[in-house]
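The values are calculated or read from the model by the stated rules, or taken from the named source; none is laboratory data. Just so you know, these numbers come straight off a predicted model, no measurement behind them. A quick note on method: Cβ atoms are made from the backbone with ideal geometry, for glycine too, and the neighbour counts reach across all protein chains shown. Quick note on the areas: whole protein, heavy atoms, side chains included, nothing else; ligands and nucleic acids left out. Shrake-Rupley method; radii C 1.70, N 1.55, O 1.52, S 1.80 Å.
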Amino acid sequence: MTDLLNRLRLTAAPMEGITTVVWRRLHAEFFGAADRYYLPFVTPTTEPRFTERQLRELDPRVNGPLTVIPQLLTRRAPDFIWAARALADMGYTEVNLNIGCPAGTVTAKGKGSGFLREPVALAAFLDEVFNAQLPIAVSIKTRIGYADEEEFSDLARLLSSYPVATLTVHPRLKTDLYRGSVRLSVLERSLADITVPLAYNGDIVNEKDVVRMAERFASVPGGLVEVMVGRALTADPALIRKARGGRPASLREITGFMEALLDEYTVHWGNRMNSFKRMKEYWWFVLCMFEEDSAEGRDLGKLAKDMFRARDEARFRALVSELTETHALRTDARYGWFKPA
Ligand SMILES: Cc1cc2nc3c(=O)[nH]c(=O)nc-3n(C[C@H](O)[C@H](O)[C@H](O)COP(=O)(O)O)c2cc1C
């Protein structure tokens, strides 16, 4: 098993607004770099150039020595093709296609997992992309279907008929959003049809889950090459380090990382208030690293609610201190990513 784990890439999932350039750089500095960081999606338009805003994430200079894979969200092959060529010119060796995003605003336009509803159009798109002789490898991130588990066997065969560098599967339907359990048996049933390298993504919470998935999907013909982690890595930034045999995050590391994010976002945006607001997004995940019960403290749910409502940094800091003084840090995250209403 250790052998299999050592051969696996352990990577950071793309998370819009979370796994930004600021987070990536600091994550690598504090906890050691993930084998890859997938960039939150960029939507190329018919105008064949990236915007200044997009370049803030895409410019290879801002990503330094990290291995980053840009991701594109589009259903127009010409737009994918110009953007992939531009990324190759910037020095990237792989680009990821997003056909998994379940957001209504995205799927309504037939993009993201909305594309899964139109297998004929998807095949035409992929024909055009893979016939374009792109100077860059193309990987794909998908769900198992739009609304029905039965969709996956055809989808797995379709996607495996192209030279996809890695096929990342999040085993939920578009209609599941992020609710309910991952549908592992659906992925399992189609393993024989996945003849391209497979990456698993979904509901990994700790390093034991990484091992479990590595064991469960090891028999895929194309090989299981990667486990990609999203929310749990935001909650427990030491997760990959632990899976590699390293130590869990200490309280000092967690609070230091959070402080550094706040400061770096302030520099990045030139605005402390926006930076402070963004920190709440991270803390909702990081709260899952703290025990719910506390002998002398308040219920974690109530404390979280107050943190979410805090209007200013001083109040928020006081609540973070209360949290860290009264609730013990766990070595693994709890599954319970939530935002108090
Ligand atoms: C806030 C948020 C933003 C996300 N942004 C993206 C994105 O830009 N591109 C993408 O392919 N997936 C995106 N995802 C999905 C994640 O990459 C991942 O597939 C999902 O969180 C399930 O994996 P996990 O259980 O390890 O978190 C996002 C998810 C969340 C919660």
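Working from Cα pairs under 8 Å separated by at least six residues, relative contact order for the range 251-326 is 23 percent. How tilted is helix 21-31 with respect to the longest principal axis of the chain? Cα atoms for both, answer in degrees (0 to 90, nearest 10). For helix 21-31, the angle is close to 70 degrees.
Working note: Debye formula, equal point scatterers on the alpha-carbon atoms of the range 2-243, no solvent; log10 I(q)/I(0) at q = 0.09, 0.13 Å⁻¹ is -0.34, -0.76. Which FRET efficiency value, to the nearest 0.05, is calculated for Asp35 and Lys277 with the Förster distance at 41 angstrom and r the Cβ-Cβ distance? Computed FRET efficiency for Asp35 and Lys277 comes out at 0.85.
Only one residue of Thr105, Ser139, Leu184 has its Cα farthest out toward the positive end of the dipole of the range 2-243, where Lys and Arg carry +1 and Asp and Glu -1 on Cβ, and that residue is Thr105.
Computed with every protein chain present, the accessible area of Glu47 is close to 100 Å² [probe 1.4 Å]. Enter the angle in degrees (range 0 to 90, nearest 10) between the Cα long axis of helix 272-286 and the first principal axis of the Cα atoms of the chain, meaning the one along which they spread out most. Orientation of helix 272-286: about 80 degrees from the principal axis.
As a rough guide to protection, the peptides 49-55, 112-118, 77-83 ranked by mean Cβ packing within 10 Å, highest first, stand as 112-118, 77-83, 49-55. Largest GNM mean-square fluctuation across Asn63, Asn201, Asn271, computed for the chain with C-alpha springs under 10 Å, falls on Asn271. Restricting attention to the chain, the count of lysine pairs at 8 or more positions apart or across chains with alpha carbons under 24 Å apart stands at 16.
Per the 1.4 Å probe, what fraction of the accessible area of the range 251-326, in percent, lies on carbon and sulfur atoms? That share works out to 47 percent. Relative contact order of the chain: 14 percent, from C-alpha pairs under 8 Å at least 6 residues apart in sequence. Each 5 Å bin, from zero up to the one with the longest distance, holds this percent of the alpha carbon pairs of the range 148-307: 2, 8, 14, 15, 15, 13, 12, 9, 8, 4, 1, 0.
Per the Debye calculation on the range 251-326 with a single equal scatterer at every Cα and no solvent contribution, log₁₀ I(q)/I(0) for q = 0.12, 0.16, 0.27 Å⁻¹ amounts to -0.32, -0.56, -1.43. Computed from backbone phi, the HN-Hα couplings of the range 69-80 come to 10, x, 10, 10, 10, 6, 10, 9, 4, x, 5, 4 Hz, rounded to whole numbers (Karplus: 6.51 cos²θ - 1.76 cosθ + 1.60, θ = phi - 60°; Gly and Pro given as x). Counting only alpha carbon atoms, the long axis of helix 119-130 and the longest principal axis of the chain meet at about 90°. Each part gets one Cα centre, and for the range 1-47 versus the range 63-118 those centres are 15 Å apart. Within the chain, antiparallel bridges make up roughly 5 percent of the DSSP beta bridges whose residues both belong there. With viscosity set to 1.567 mPa s at 4 °C, what whole-number translational diffusion coefficient in µm²/s follows for the range 71-207 from Stokes-Einstein and a Kirkwood radius over Cα pairs? Stokes-Einstein gives a translational diffusion coefficient of 86 µm²/s. Each peptide in 12-18, 233-239, 210-216, 180-186 gets a packing score, the mean of other Cβ atoms within 10 Å over its residues, and the list from highest to lowest is 233-239, 12-18, 210-216, 180-186. So, in Å, what gap is there between the alpha-carbon centers of the range 197-211 and the range 126-191? About 16 Å separates the Cα centre of the range 197-211 from the one of the range 126-191. Backbone geometry of the range 12-19 corresponds, through the Karplus equation with coefficients 6.51, -1.76 and 1.60 at θ = phi - 60°, to 3J(HN,Hα) couplings of 8, 5, x, 9, 3, x, 10, 8 Hz, x marking Gly and Pro. For Thr331, nonlocal amide neighbours, meaning residues 5 or more places apart or on other chains whose placed amide H falls under 5 Å from its own, do not occur. Only DSSP H runs of four or more residues enter the estimate; each adds -39500 (n - 2.57), and after division by the residues of the chain the mean residue ellipticity at 222 nm equals -12500 deg cm²/dmol. Treating each Cα of the range 209-260 as an identical point scatterer and summing with the Debye formula, the log10 of I(q)/I(0) at q = 0.14, 0.20, 0.22, 0.28 Å⁻¹ comes to -0.47, -0.77, -0.86, -1.13.
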